[in-house]
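The values are calculated or read from the model by the stated rules, or taken from the named source; none is laboratory data. For clarity, every value in this text was computed on a predicted model and none was experimentally measured. We place every Cβ from the backbone using ideal geometry, glycine too, and count neighbours over all the protein chains shown. These area figures cover heavy atoms from the full protein model, side chains too; ligands, DNA and RNA do not enter into them. Shrake-Rupley method; radii C 1.70, N 1.55, O 1.52, S 1.80 Å.
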Amino acid sequence: MAMIFVKATDKAMAGLRAKLETAYKTSGGKKVNIISHSMGGLLVRCFMSMNHDVFTKYVNKWICIACPFQGAPGCINDSLLTGLQFVYGFESFFFVSRWAMHQLLVECPSIYEMLPNLDFNWKEKPIIQVWHKNSEKDGTVELVQYEATNCVSLFEEALRNNELTYNGKKVPLPFNMSIFKWATETRRILDNAVLPDTVSFYNIYGTSYDTPYDVCYGSKSSPIGDLSEVCHTVPTYTYVDGDGTVPTESVMADGFAAKERVGVEADHRGLLCNDNVFELLKKWLGASDKAMRRRVPKRKVVGLSS
């Protein structure tokens, strides 16, 4: 029996129902086991919220790995403002730069969807800080703090002059309020998701890695003048425990009656090739070593990843 792997895209969302139906029928009416990673978990949760009866009919177990259930505050806040740096040192010359990546991410819906959940009761609310030189106060330098609830005003101001030069033309890329509103509606759907009583849910999360949480731009000795300068400023972070991308607090806050939640010492992508994770999957799926290594579990498995 084959395993099915798809990526967490709009096309996957639209086709997931068909894949579940196909897997169910070709296995002779056996329910499907789903393994998701990262944004794939949000896709499954959204699908379950909108197609509860279908999920109940076709799904047996859902094993979720490294899902940013409540967002990834430090990484995502900074991604909107300055982009992402995937590699450092010499290798960075052969990869997309942080600033070029920034232009792509400003228009990426999944980035907005992974902003910290404003309605979640964080132990400490994630913040963005800016050392700001206020020209209206005779150049006074002050540390301005933006909590999750008022970060949109910072995003709008900092990105107001953001633009991309393409084919000799300048294309404006400000904070996309339309995508943000869309993501806000998606968050509402996610928050309303209810796990069917017949589905067993398992949650694997990464631990022991410094994970960005609060973000700070500028310094007292080198403050930010105009907020648009933030987009070209390398930030400093405060860190919490997690997988290097998603805080443990966010991943664990699935809101479901999980059969098990297990922390594994691995980073966000490293969880996918971790021996401890493999052993957990084998245990929860009730599969032998031989079957797992050949990717032939006893039931159909649909895998979704970011």
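Could the peptides 30-38, 269-277 be put in order, highest first, of the mean number of other beta-carbon atoms found within 10 Å of their residues? Present the calculation step by step, with values, prior to reporting the outcome.
Details: 30-38: 23.4, 269-277: 15.7.
My ranking of the peptides, most packed first, is 30-38, 269-277.
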Counting only residues 5 or more apart in sequence or on a different chain, those whose built amide H sits under 5 Å from that of residue 33 are 60, 61, 300, 301, 302
With +1 on the Cβ of every Lys and Arg and -1 on the Cβ of every Asp and Glu, the dipole magnitude of segment 171-260 about its Cα centre, in debye rounded to the nearest 20, is 260
Per the charge dipole of segment 141-261 (beta-carbon charges, Lys/Arg positive, Asp/Glu negative, Cα centre), the residue among 239, 258, 174 reaching farthest to the positive end is 174
Applied in sequence order to segment 40-54, the curve 6.51 cos²θ - 1.76 cosθ + 1.60 (Karplus, θ = phi - 60°) yields integer Hz couplings, x standing for Gly and Pro, of x, x, 5, 4, 4, 4, 5, 4, 4, 5, 8, 9, 4, 5, 5
Length-normalised contact order of the chain, Cα under 8 Å, at least 6 apart, in percent, tallies to 29
Full extension between residue 191 and residue 57 adds, at 0.36 nm per residue less the Cα distance, a length in nm of 46.1 nm
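Quick one: of 30/259; 123/259; 19/61; 137/169; 30/283, which pairs are farther than 27 Å apart, Cα to Cα?
Working: 30/259 20 Å; 123/259 24 Å; 19/61 15 Å; 137/169 37 Å; 30/283 19 Å.
Long pairs (Cα-Cα over 27 Å): 137/169.
For every helix of n ≥ 4 consecutive DSSP H residues, a contribution of -39,500 (n - 2.57) applies; sum these over the chain, divide by its total residues, and give [θ] at 222 nm rounded to the nearest 500 deg cm²/dmol. Each step should come with its number before you reach the end.
Details: 11 runs with 103 residues, N = 306.
Mean residue ellipticity, 222 nm, calculated: -9500 deg cm²/dmol.
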Classified through the alpha carbon gyration tensor (a ≥ b ≥ c as square roots of its eigenvalues; rounded if a/c is under 1.5, else prolate when a/b is larger than b/c, else oblate), segment 45-180 comes out prolate
Once Lys and Arg are counted +1 and Asp and Glu -1 for all other residues with Cβ under 11 Å from that of residue 173, the total becomes 0
Rounded to a whole %, the carbon-and-sulfur portion of the accessible area of the chain at a 1.4 Å probe is 52
